[in-house]
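Structure record follows, encoded as structure tokens.
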Amino acid sequence: QVHLVESGGGLVQAGGSLRLSCSASGSIFGINAMGWYRRAPGKQRELVATISSGGSTNYADSVKGRFTISRDNGKNTVYLQMNSLKPEDTAVYYCQLSRTFPVYTYWGQGTQVTVSS
């Protein structure tokens, strides 16, 4: 079993920044792909950013150039640096870990990000 704990959410004004963290613990079995997803009110959960075990990154078009995902493999932790935040970024942000040995996908409980105009 793998447990994911997110932190860093909060309330920020438009144009401001936040940094989210997600720490993984448990039966991780090496380095795994991790990512951030978000769910805004009335919308489906969507991908924000992912990072592979080797450090390759992908971003949603809506956050490209503003958000940066990174990881510390030694700490099994993934970060999401969010700059130039917009009200439409308001959502619950979820951390995900994709484990390959054995195969399974884990989700955190989410952290609320609210951007005021």
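The values are calculated or read from the model by the stated rules, or taken from the named source; none is laboratory data. If you're wondering where the values come from, they're calculated on a predicted model, not measured in any experiment. Counting neighbours? That spans all protein chains shown, and the Cβs are built from the backbone with ideal geometry, glycine included. In case anyone asks, the SASA skips ligands and DNA or RNA and just uses the protein heavy atoms, side chains included. Shrake-Rupley method; radii C 1.70, N 1.55, O 1.52, S 1.80 Å.
Things to note:
- Percent carbon-and-sulfur accessible area, the chain, ignoring ligands, DNA and RNA, probe 1.4 Å: 49
- The mean sequence separation of alpha-carbon pairs under 8 Å and at least six residues apart, normalised by the residue count of the chain, gives a relative contact order of 36 percent.
- Choice from Thr90, Thr57, Thr105 with maximal GNM fluctuation in the chain (Cα, 10 Å cutoff): Thr105
- For Thr90, nonlocal amide neighbours, meaning residues 5 or more places apart or on other chains whose placed amide H falls under 5 Å from its own, are Val115.
- Counting charges near Ser116 (Lys, Arg +1; Asp, Glu -1) among other residues having Cβ under 13 Å from its Cβ returns a value of -1.
- Accessible area per residue (1.4 Å probe, heavy atoms of protein chains only) ranks Asp89, Asp72 as Asp72, Asp89, with the largest value leading.
- Amide hydrogen neighbours beyond the local backbone of Ser53, cut-off 5 Å, H modeled: Ala33
- Taking every protein chain into account, the accessible area of region 36-117 amounts to 53 square angstrom per residue (probe 1.4 Å).
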